[in-house]
Amino acid sequence: MAEFLSSRGGWPVMVRPELRDPLVAALATRPARSQMLRGASGIGKTTLAAQVGEELTRLDMTVVPVVALEELSEVPLAALAPLLNASAVADASDDVAGRVQRLIGLIGGAPDRYVLVVDDAPLLDALSASVVYQLVRVYGVPTLLTARDEHRLMGPIARMLHEDLVTVTDLEPLDAAQLEELVEHHLAGSVRPESVVGLLRATAGNPLLLRELVLTAQRAGRVHEGPFGVEVEAAALPVHLVDSVRHRVTELDAEELGFVRLLALA
């Protein structure tokens, strides 16, 4: 039986030790081996990375979080701005270059103590990506990166893979048994098999889509007890998810867009 963490926003978080523990071991062992979690949007990369970070904290390592945003990917050092303003790095007499040097010296000087956790690594601005690359390549700082399938790896992040500095783990969707266990834990009851099949078909095992569909169904009153278990009538996708998909489609190149159109026709 799977382990679940306390509900977040009314939805349980599934712990997957078969994925978490090897990552923890690779990052905690010396010499460490940096890792990348790759997969579709909503597949659970950030959640798993957070669980890995919690385990490393218990091993007395200091987790240094770095979050990349698409909107700031063209802003130099945007992803590292919170770290560059931290008291251990910031100095009123320093310019930005001085702070970057101090940050590299602080973390790079103690690779056994620190671990970088970089969310959405392909969206790092070029300078932040270069700093991460240097910390991994030159100083051997253990680093856990996440990357969405749809984002191309470029620049320093791509170089890390080309130079075999990182091991990539491709996250797979939930299978039927995992999906069933997760939904049953949330609903506190057995789920009708047909509902499990329907949810698996509608979400393709994507945890984020599953959460949104089930919570939306609950709000719409489409979850009820039946003679063969709890029945979940999957409602339409929430508007914000539809908008997100629409935004992703606008970013596709001509060849990718043609493939999506063929898929839609199929």
MRE, 222 nm, helices only [DSSP H, n ≥ 4, -39500 (n - 2.57), over the chain, to nearest 500]: -14000 deg cm²/dmol
Give the average over all directions of the projected area of the C-alpha convex hull of region 3-49, one decimal, in nm². 3.8
Could you order the peptides 114-125, 202-213 from most to least packed, using the average number of other C-beta atoms within 10 Å per residue? 114-125, 202-213
Per the charge dipole of region 111-182 (beta-carbon charges, Lys/Arg positive, Asp/Glu negative, Cα centre), the residue among Met154, Ala177, Ala126 reaching farthest to the positive end is Ala126
List the GluC sites (Glu not before Pro) in region 66-106 that DSSP assigns to loop (not H, G, I, E or B) and whose Cβ has at most 16 other Cβ atoms within 10 Å. Which are they? Glu74
Value in Å of the Kirkwood radius, where the chain supplies the Cα pairs that are averaged: 20.5
Rounding to the nearest 20 debye, state how big the charge dipole of region 176-232 is about its Cα centre with +1 on each Lys and Arg Cβ and -1 on each Asp and Glu Cβ. 200
Per DSSP, the loop-located trypsin sites (Lys or Arg not before Pro) within region 126-174 having at most 16 other beta carbons within 10 Å are Arg152
Kirkwood Rh and Cα Rg combined as Rg over Rh, evaluated for region 1-112: 1.02
Gyration tensor (alpha-carbon) shape descriptor, region 64-143, a/c threshold 1.5: oblate
At 1.002 mPa s and 20 °C, plugging the Kirkwood radius over alpha-carbon pairs of region 176-232 into Stokes-Einstein gives what diffusion coefficient in µm²/s? 195
What are the semi-axes of the equivalent ellipsoid of region 85-206, taken as the square roots of 5 times the eigenvalues of the Cα gyration tensor, listed largest first and rounded to whole Å? 41, 17, 13
Charge context of Leu174, other residues only, Cβ under 12 angstrom, K/R +1, D/E -1: -2
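Once you list every other residue whose beta carbon is under 12 Å from the beta carbon of Ser190, what net charge do they have if Lys and Arg are +1 and Asp and Glu are -1?
Once positives and negatives cancel, what remains is -4.
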Residue-by-residue Karplus 3J(HN,Hα) for region 114-122, coefficients 6.51, -1.76, 1.60, Hz, glycine and proline x: 9, 9, 7, 10, 10, 8, 6, 3, x
Mind putting a number on the dipole of the chain about its Cα centre? Charges go on the C-beta only, +1 for Lys and Arg and -1 for Asp and Glu, and I need it in Debye to the nearest 20. 280
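Each value in this text was obtained by applying a stated rule to the coordinates, not by laboratory testing. In this text, all values refer to a predicted model and were calculated from it rather than measured experimentally. Methodologically, a virtual Cβ is constructed for each residue, glycine included, from the backbone with ideal geometry; neighbour enumeration extends over all protein chains shown.
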